[in-house]
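The values are calculated or read from the model by the stated rules, or taken from the named source; none is laboratory data. This structure is a prediction, so every number in the text was calculated from the model and none was measured. Virtual Cβ from ideal backbone geometry, glycine too; neighbours counted across all protein chains shown.
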Amino acid sequence: MHGLCQIGSGRDAIVYQSGDSMVAFKKGDKFAVNLREFTFGVLANLLLPQNTPKVIDFFCHEDGDNVISMEKIEGISGSNVHHDVASITAVLAIYYSLMKKNVYQNDLKGANSIWNDRGIFLFDFGIASTLCTDTDCSHLVSMASLFIQSILFPADNSQTWFSRQTSVSLRTRYITWIIGGTTRWLRHLFNDNSLQLHVNLRNVCINVPRIMASLRLYNTGTVASAVPPPLVRNNSSRGYGLKLKEKHSRLSRRVCFD
């Protein structure tokens, strides 16, 4: 799109800014940008205009790609926000509001939200639906797990506040706080103390035994987890580091509450 400034990109789409800076254009092939995303974007904005961008038009570019034009929201990507329990539960509350109006965005990640002084905005309705095979409770728990996963360990390995922290102790406390607090909020929302969050802790710069021990204290629950790969102490990191033996190149634990 000649003369427009690129302001973002995803796996299969590029986002441009219009000359007046008030409109953004999302451009990609028929798989990345489609009429479904446009339709659900319009519907979501009608139902929750204070938390979704206004969607303007859908058209085919001269090169064959599809384009969606929408209101450009200024702010910080949710991937770069220094999240706490309050910010995570705030975005979950917005998502839940859409769910109760039968709109399931199905892809709640940090990168699919914008944060500014007006509030929180959700976007990217490319795989949205009006029906869900799970219960609302199960679906929101899955989206909470996905959102936390995306801010701790982004799929594209991009830098986040969490990934820039070098203190093993700080990273360990942060994970315990975020998972524990969000779980308590969900259990209160649905009045169900059996709810579980599933977050894959695939990073060696955390103290997994300490996390597992701490999470057992929440709601008098226990932690169910897959058996971890063999671990040995790394003396060079003052007893906190964990190093995988031989064939295991990185740590992978799935943590959940029950």
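A few remarks follow.
- As a summary of the residue check, CYS205 satisfies the conditions (1) modelled with pLDDT under 90; (2) more than 22 Å from MET99 (Cα to Cα); (3) under 18 Å from the mean Cα position of the chain (by Cα) except for the one numbered (3).
- Test: residue in segment 3-13 that is without any contact (Cβ under 8 Å) to a residue 40 or more places away in the chain, surrounded by fewer than 15 Cβ atoms within 10 Å (Cβ to Cβ), part of a loop (DSSP other than H, G, I, E, B) and touching a Phe, Trp or Tyr at 6+ places or on another chain (Cβ under 8 Å): yes
- Long-range neighbours under 6 Å by Cβ, at least six apart or interchain, first residue over 27 Å from ARG164 (Cβ atoms) within segment 78-101, second part of a helix (DSSP H, G or I) and charged (D, E, K, R): MET99/ASP136
- Selection from segment 208-221 of residues that are touching a Leu at 6+ places or on another chain (Cβ under 9 Å) and either surrounded by fewer than 16 Cβ atoms within 10 Å (Cβ to Cβ) or at pLDDT 75 or above (or both): VAL208, PRO209, ILE211
- For segment 161-175, the candidate set comprises residues that are under 17 Å from the mean Cα position of the chain (by Cα) and not aliphatic (A, V, I, L, M); within that set, the residue that is farthest from SER77 (Cα to Cα) is TYR174.
- Scanning segment 124-150 for residues that are in a loop (DSSP other than H, G, I, E, B), touching a strand residue (DSSP E or B) at 6+ places or on another chain (Cβ under 7 Å) and surrounded by 19 or more Cβ atoms within 10 Å (Cβ to Cβ) yields a count of 1.
- Every residue from segment 151-170 that is surrounded by fewer than 21 Cβ atoms within 10 Å (Cβ to Cβ) and not in a loop (DSSP other than H, G, I, E, B): VAL168, SER169, LEU170
- Residue within segment 52-61 that is surrounded by 13 or more Cβ atoms within 10 Å (Cβ to Cβ), more than 18 Å from LYS109 (Cα to Cα) and in contact (Cβ under 8 Å) with a residue 24 or more places away in the chain present: yes
- Test: residue in segment 68-76 that is surrounded by 15 or more Cβ atoms within 10 Å (Cβ to Cβ), farther than 30 Å from ILE175 by Cα and within 20 Å of the chain's Cα centre (by Cα): no
- Breaking point among (1) in a helix (DSSP H, G or I); (2) surrounded by fewer than 17 Cβ atoms within 10 Å (Cβ to Cβ); (3) free of Cβ contacts under 8 Å to residues at least 12 places away in the same chain, for PRO49: (1)
- Filtered residues of segment 51-61 (kept if over 20 Å from the mean Cα position of the chain (by Cα) and within 19 Å of GLU74 (Cβ to Cβ)): LYS54, VAL55, ILE56
- Residue check: PHE40 meets all listed conditions (1) outside any loop (DSSP other than H, G, I, E, B); (2) farther than 24 Å from LYS100 by Cα but one, namely (2).
- Taking the conditions (1) within 30 Å of GLY19 (Cα to Cα); (2) at pLDDT below 95; (3) hydroxyl-bearing (Ser, Thr, Tyr) in turn, SER113 satisfies each one other than (2).
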